[in-house]
Ligand code: NAD
């Protein structure tokens, strides 16, 4: 088919929307939170606490307990005691608890969406329409597996591992919790979970849901804190399996710490995904896919399409349309239902993004941002497009984890594959073309755990997610995700 490289009319419609704020009062935020251990909220032994803040204003939200090694020990012991009965429950009984949790998550989804937006800074449109429905779906999905493990393809009698120590990042706080806790519980394990220090509130609300569901005490324990708390959990001898989602750097240190211990480990780490646009791609859909790929959740997405590979013949047209689309994005109050781009989660993350954006300019790439007024308080970054990017530039190699896309070009499918794979990461990739055969050809060659075709950032609990190379190992979701929480075959 003939390809048009003509740049379309670039007049951007502009109109104002009236504010449409979701009610902040839907979520109750306590002044102070304790640790959730053995079915109760308990104060940290040495009394240390830290503050979690609202990234859209920088204002403190609550004081949260900082678990020390003695608290982590208490939580692991509680999980171990609970394991004795939980692991013996028939799968159908465990499934009932998971179904109950899933339904409570649905019932409380408005409250949880508001709480997540306040603590994380992400738009309510996303927490309401993406995070919360997926969180509930993960519990429903795994509730269904709990009594069918013998038919999952892992032998007739797969066994739980024991106590899982789970550590999650701040970009999808409740969703990452669901990815970790739902399969662990379905398989008969008990857990000690540590949420990220900047986003602990929805995990603590989840603790309350566990109580509401009358989940047996100690099956789920939540210890809040930062890296030291995480390290204490990883190194605790009573932990049988560590599941970590976070940066490649911390993942490496965890792998080193666990070497030789016999503990099982899965690592879900960083990414630098290529989103590949061929000249026969449905351009309007592709533009939406590019926007969703890198500007969803402020680009705080491990599998974000942060390297945009555009076939040279359509580069100008795609970039022009992308800029036009970006002019219509609304940045601001995360609780406003019209907001597309919320706040950056922390001052540290904003510093990291800014440093890499500065490096992009210093190395000679061309930066573009739409006209966009940033709020005066809190942490914000305008959507940013870099063109003229070379593969050697830091913005093409390093994970920015912010609303910044680096545009590169290619001429042939082979060149697209070579450039897409030219990264130490291997988490995800996207392909936009009308040719089914080309999609399959690309998918076979892209070294990425997930390859999306004519879509991007699609998640489903039935579909395994995970990486190659420095993006980690192990899968979460689907039948494959169960294996990470089961002793199977010879090691059962
Ligand atoms: P991070 O590695 O700094 O922190 C992640 C978690 O690990 C936090 O809870 C933190 O407190 C804890 N932690 C820090 N140091 C630790 C230590 N020494 N031992 C044990 N725990 C420790 O990452 P982040 O900045 O919170 O998250 C962003 C990173 O997460 C990005 O690189 C992103 O790509 C990655 N991520 C990956 C996936 C995936 O599924 N592959 C999903 C989401 C985020």
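Every number here is computed from the coordinates shown, using simple stated rules; none is lab data. From a predicted model like this one, the values you see are computed outputs, not experimental measurements. So basically every Cβ, Gly included, is an ideal-geometry build from the backbone, and we count neighbours across all protein chains shown.
Model label sites at residue 24 and residue 320, defined 7 Å from Cα along the beta-carbon direction, differ in position by 4.4 nm. When only C-alpha pairs under 8 Å and at least 6 residues apart count, what is the relative contact order of the range 448-487, in percent? RCO, the range 448-487: 32 percent.
Extending 7 Å from Cα along the Cβ direction at residue 93 and again at residue 51 yields two label points whose distance is 4.7 nm. Its relative contact order, with pairs defined as Cα atoms under 8 Å and 6+ residues apart, puts the chain at 19 percent. Contact order for the range 274-458, expressed relative to its length and based on alpha carbon pairs under 8 Å spaced 6+ residues apart, stands at 30 percent.
Note on residue 391 and residue 157: the extension gain reaches 79.3 nm, defined as 0.36 nm multiplied by sequence separation minus the Cα-Cα distance.
How large is the helix-only mean residue ellipticity at 222 nm for the chain, computed as the sum of -39500 (n - 2.57) over DSSP H runs with n ≥ 4, divided by its residue count, in deg cm²/dmol to the nearest 500? So the helix-based figure for the chain works out to -11000 deg cm²/dmol. Summary of packing: across the peptides 293-299, 143-149, 27-33, the per-residue average of other C-beta atoms within 10 Å ranks them, highest first, as 293-299, 143-149, 27-33. A full extension of the chain between residue 459 and residue 441 corresponds to an added length of 4.2 nm, given 0.36 nm per residue minus the alpha carbon distance. Dividing the alpha-carbon radius of gyration of the range 274-458 by the rule-of-thumb value 2.2 N^0.38 Å gives 0.98. Note on the range 274-458: antiparallel DSSP beta bridges, both residues inside, total approximately 10 percent of the bridges counted. Packing, taken as the mean count of other beta carbons within 10 Å per residue, orders the peptides 165-175, 376-386 from highest to lowest as 165-175, 376-386. Eigen-decomposition of the gyration tensor built on the alpha-carbon atoms of the range 112-242 gives equivalent ellipsoid semi-axes of 25, 19, 12 angstrom, largest listed first.
The chain: D in µm²/s via Stokes-Einstein (Kirkwood Rh, Cα pairs, 10 °C, 1.306 mPa s)? For these conditions, the coefficient is 69 µm²/s. Estimated at 0.36 nm per residue, the fully extended path between residue 355 and residue 16 surpasses their Cα-Cα distance by 118.8 nm.
If you take the alpha carbon atoms of the range 16-126 and fit the smallest convex hull around them, that volume is 133 Å³ per residue. Averaged over residues, the count of other Cβ atoms within 10 Å places the peptides 249-258, 419-428 in the sequence 419-428, 249-258, highest first. Whole-percent P(r), the range 384-492, all Cα pairs, 10 Å bins from 0: 13, 38, 33, 12, 4, 0.
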